[in-house]
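Novice: Handing you this structure, nothing more for now.
Values in this text are rule-based calculations from the coordinates and carry no lab data. Keep in mind that what you see is a predicted model, and the values were worked out from it rather than measured. Quick reminder, even Gly has a Cβ in these numbers, built from the backbone with ideal geometry, and neighbours come from all protein chains shown.
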Amino acid sequence: MTIRDILTFPNKKLREVASEVSLPISSDIHALIEDLAQTMYAAPGVGLAATQIGVAKRVAVTDIAWRKEEDSERELHVWINPEIIARSGSEKGEEGCLSLPKVYENVQRATSIKVRWVDLEGQSHESHFEGFQAVALQHEFDHLDGKIFIDHLSVLKRKMVVRRIKKMQEDES
Ligand code: ZN
């Protein structure tokens, strides 16, 4: 297991549309998932998509329960070839992203989603998710399509955010 570098905006690899993972799940994909989980926990973050470490495969991990400061129980969820097959409701909430450090903006998302995905054994599942879990999944699965959360902002708002990021990056370099 290795902690991998997380790509940051505006790295072009964040815009790649990831390809489907073929079944059965290979040992390479198992290793990728271990790296993703370790990288997410080290960050720390509540989710990480393979796209964010420069691997264009449809794989993401989430753990919305674990808190580093409390060292609580880990609840790792692995999502292979995830698809949102139904959405309902709409709500606005603040989001951040490990690929856009220090940027937090309100994003409109579906309140409730139905997801189909494949697990580590190659078994297919379908389930409903709501609330923060639903938001986290929409955010992570967007990465697999080369999308980032600021794409959901208005053009004007997005321009302001991009300008702020560039300014932060200039100040840091
Ligand atoms: Zn993200």
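Novice: Which one, Ser72, Ser112, Ser88, has the greatest fluctuation when you compute a Gaussian network model over the chain with C-alpha springs under 10 angstrom?
Specialist: The residue with the greatest mean-square fluctuation here is Ser72.
Novice: With the cut-off at 24 Å, tell me which of the pairs Lys147/Lys167; Lys13/Lys114; Lys57/Lys92; Lys12/Lys114; Lys114/Lys157; Lys114/Lys159 have Cα atoms farther apart than that.
Specialist: In this structure, Lys13/Lys114; Lys57/Lys92; Lys12/Lys114; Lys114/Lys157; Lys114/Lys159 lie more than 24 Å apart at Cα.
Novice: Compute the distance in nm between two label points, each set 7 Å from the Cα along the Cα-to-Cβ direction, one at His125 and one at Ser90.
Specialist: Distance between the two pseudo-spin positions: 3.0 nm.
Novice: Only bridges with both residues in region 12-172 count here: give the DSSP antiparallel percent, nearest 5.
Specialist: Bridges in region 12-172 that DSSP calls antiparallel: roughly 95 percent.
Novice: How much mean residue ellipticity at 222 nm does the chain get from its helices, if each DSSP H run of length 4 or more adds -39500 (n - 2.57) and you divide by all residues, to the nearest 500 deg cm²/dmol?
Specialist: -9000 deg cm²/dmol
Novice: Let me ask something additional. Can you find, among Val135, Gly89, Val155, the residue farthest towards the positive end of the dipole of the chain? Put +1 on the C-beta of Lys and Arg, -1 on that of Asp and Glu.
Specialist: Positive-most Cα among the choices belongs to Val155.
Novice: When only DSSP loop residues count, what GluC sites (Glu not before Pro) in region 39-128 have their Cβ near at most 15 other Cβ atoms within 10 Å?
Specialist: Glu73, Glu75, Glu121
Novice: Please give me, ordered by residue number, the trypsin sites (Lys or Arg not before Pro) of region 12-99 that lie in loop per DSSP and have at most 16 other Cβ atoms within 10 Å.
Specialist: Filter output for region 12-99: Arg67, Arg74.
Novice: Next question. In whole angstrom, how far apart do the alpha carbon centroids of region 1-21 and region 69-108 sit?
Specialist: 16 Å
Novice: Sticking with this structure for a sec: Could you work out the Kirkwood radius for the chain, taking every pair of different alpha carbons, averaging 1/r and inverting it, reported in Å?
Specialist: Numbers: mean 1/r = 0.0602 Å⁻¹.
When all Cα pairs of the chain are included, the Kirkwood radius is 16.6 Å.
Novice: Any chance you could list the semi-axes, whole Å, largest first, of the equivalent ellipsoid that the Cα gyration tensor gives for region 88-173, using √(5λ)?
Specialist: Semi-axes, largest first: 29, 16, 10 Å.
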